[in-house]
Amino acid sequence: MPFSENTPMLLTKDACLKVTALFCNMAISDEIYNPNFNLSKLHLHEFVEFSFVLEGSGYHRIWNDVVECKKGDVYIINTGVPHGYFAKSKDEMPTICNILIDPQRLFEGEVGQMESPRFCYGIFKQNPFVAFKHLKSDEYKKIKSLYQNVWNEIIHKQEEWEPLATAYLKEL
């Protein structure tokens, strides 16, 4: 099943993450960016977020830093980091696919402990807030496929879905 913003979600994000260590959603960021936004327009959570710009372009604000985001950008946002995606205009809106994980429940040992230098395999070693990568065409196809695999496992929850989704996340 391809990505779709119309995929039914049986639980809200907060309710889902109390039951399992994984959650996914997709959203079109239709709020137009305004440089005078205050931090209340941003969201934060106690989970690590893997965000993939699936289509379009816009802006990604992390704290007070604003960067242009476009199709093929991958952001991994650490816990407790205020951020948000915004459209450039009504004609140019990014579609964002998110996978949220609870690292303490998903990973064992140091990689699940925020205070560890190996937290989430050292993703946040250079920047404690966010890791970023713009993908080339072949990388985009591979990452999109990995996201699709994680998405399918989370949505369909077939037998042993969580270990399979975790394996795809580790590859990601």
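Restricting to region 134-172, and then to whatever is part of a loop (DSSP other than H, G, I, E, B) and charged (D, E, K, R), can you tell me which residue is most open to solvent (accessible area, probe 1.4 Å)?
Of everything passing the filter in region 134-172, GLU159 is most open to solvent (accessible area, probe 1.4 Å).
Starting from region 121-136, take each residue that is over 13 Å from VAL67 (Cβ atoms) and list its partners that are open to solvent by less than 60 Å² (accessible area, probe 1.4 Å) and in a helix (DSSP H, G or I), counting only C-beta distances under 8 angstrom and pairs at least six apart or across chains.
Partner pairs satisfying both residue conditions: TYR121/VAL111; LEU135/ILE143.
Can you pull out the strands (runs of 3 or more DSSP E) entirely within region 24-133 that have at least 3 residues that are crowded, with 17+ Cβ neighbours inside 10 Å?
Fully inside region 24-133 and qualifying: 48-55, 57-62, 73-77, 83-87, 95-101.
The values are calculated or read from the model by the stated rules, or taken from the named source; none is laboratory data. Source: prediction; values computed, not measured. Using ideal geometry, Cβ is built from the backbone for each residue, glycine included, and neighbour counts are taken over all protein chains shown. Heavy atoms of the whole protein, side chains included, go into the accessibility calculation; ligands, DNA and RNA do not. Shrake-Rupley method; radii C 1.70, N 1.55, O 1.52, S 1.80 Å.
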